[in-house]
1. Out of all the residues in the stretch 137-146, which are crowded, with 22+ Cβ neighbours inside 10 Å and either touching a Lys or Arg at 6+ places or on another chain (Cβ under 8 Å) or touching a residue at least 60 places away in the same chain (Cβ under 8 Å) (or both)?
2. Mind counting the residues in the stretch 208-224 that are of a type in the set (Asp, Glu) and either at pLDDT below 95 or surrounded by 18 or more Cβ atoms within 10 Å (Cβ to Cβ) (or both)?
3. I'd like the full set of residues that are in a loop (DSSP other than H, G, I, E, B) and in contact with a helix residue (DSSP H, G or I) (Cβ under 7 Å, 6 or more places away or on another chain), limited to the stretch 86-135.
4. Six or more apart or on different chains, Cβ under 7 Å: which pairs go from a residue in the stretch 242-264 that's under 15 Å from Thr17 (Cβ atoms) to one that's in a loop (DSSP other than H, G, I, E, B) and open to solvent by 60 Å² or more (accessible area, probe 1.4 Å)? Could you list them?
5. Give the residues of the stretch 241-280 that are of a type outside the set (Lys, Arg), open to solvent by less than 50 Å² (accessible area, probe 1.4 Å) and in a helix (DSSP H, G or I), sorted by residue number.
6. What do you reckon, is Leu72 at pLDDT 95 or above, farther than 27 Å from Ile166 by Cβ and either among the hydrophobic types (A, V, I, L, M, F, W, C) or part of a loop (DSSP other than H, G, I, E, B) (or both)?
7. Looking at (1) over 17 Å from the mean Cα position of the chain (by Cα); (2) under 19 Å from Val37 (Cβ atoms), which one does Cys126 not meet, given that it meets all the others?
8. Considering the stretch 166-207 alone, what residues qualify as being over 22 Å from the mean Cα position of the chain (by Cα) and either within 20 Å of Gly141 (Cα to Cα) or open to solvent by less than 20 Å² (accessible area, probe 1.4 Å) (or both)?
Amino acid sequence: MKTGLVLEGGGMRGLFTAGILDVFMENDIEFEGAVGVSAGALFGCNLKSKQPGRAVRYNVRYCRDPRYVSMLNLITTGNIFGVDFCYRRIPFELDIWDHETFEKNPMEFFVVCTDVNSGKPYYYRCTDGMEKDIEYFRASGSMPLVSRVVKIGDREFLDGGVSDAIPLEFMERQGYDRIVVIQTRPEGYRKEPNRLMPLIKARYSRKYPELVKDMENRHIMYNDELDYIAEREKTGDVYVIRPRRDLRISQTANDPEELKRVYKTGRYMAKQCLEEVKDFLV
């Protein structure tokens, strides 16, 4: 048996996931591998660095700092989240990222990005939590329209959720067979076609046509993944944790009380299912 964890993204809905992971850490629940998408990667990496509380702490502290997330960032740099502040100043100066523990922890940690030229998901295994890993974290969380394309080597990337939003099948291909999936949407949710497609086509059609195809079909891919997860949940090989109702928070929310509410919701859900998760992983 090989235990794995799948972490969906969703911007600040990811604090629901952070709450769950903090309860896991506080109760010594560990996994042999994990894969995170977008916010699932950005907040979930604290599981491998063994830093409970870090994700909610820096989000609440800096959510109203315009260097963190703001329209000013978007207008002046093309990124709604400030690249230098989020990926350099916070982890290495303001709320220290324990990259040494991250590197020593044997748990595999993958992030998912979307290759904007091929339109295919790209799965990167993080190793030391340093500059290259952080660039992949940034790429995974770079939402179309409000982020610049992230170039790493000869590849260009955007948000992993565009091409593989809940990568359960990827983890199964890696040999994981007892998998906990943390979703940030409630049971019964179905994604609708993207209403911003005219803007997406205007922005990306000429240079990144495969990305546009992904965005056009994203709701189909996402709903197919939900169906697959439901099937695997029925077999007992997958344990799913999801909010009981819509979290009612935007991807770029900056109200500290709302961020704490979503985080506490995740903690509550984790405590409710803690014994079941322990039994599932044995």
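1. Phe137, Ser140, Gly141, Ser142, Pro144
2. So the count comes out to 1.
3. Result: Asp95, Trp97, Asn105, Met107, Val116, Asn117, Ser118, Gly119, Thr127, Asp128, Gly129, Met130.
4. What qualifies is Arg242/Glu187.
5. Pro256, Leu259, Val262, Tyr263, Thr265, Gly266, Met269, Ala270, Cys273, Leu274, Val277, Phe280
6. yes
7. Looking at each condition in turn, Cys126 falls short on (1).
8. Met197, Leu199, Arg203, Tyr204
The values are calculated or read from the model by the stated rules, or taken from the named source; none is laboratory data. Bear in mind that the values here come from a model prediction, so they are computed numbers and not experimental data. Cβ: placed from backbone, ideal geometry, glycine included. Neighbour counts: every protein chain shown. Note: accessible area is taken over every heavy atom of the protein model, side chains too, but ligands, DNA and RNA are not part of it. Shrake-Rupley method; radii C 1.70, N 1.55, O 1.52, S 1.80 Å.
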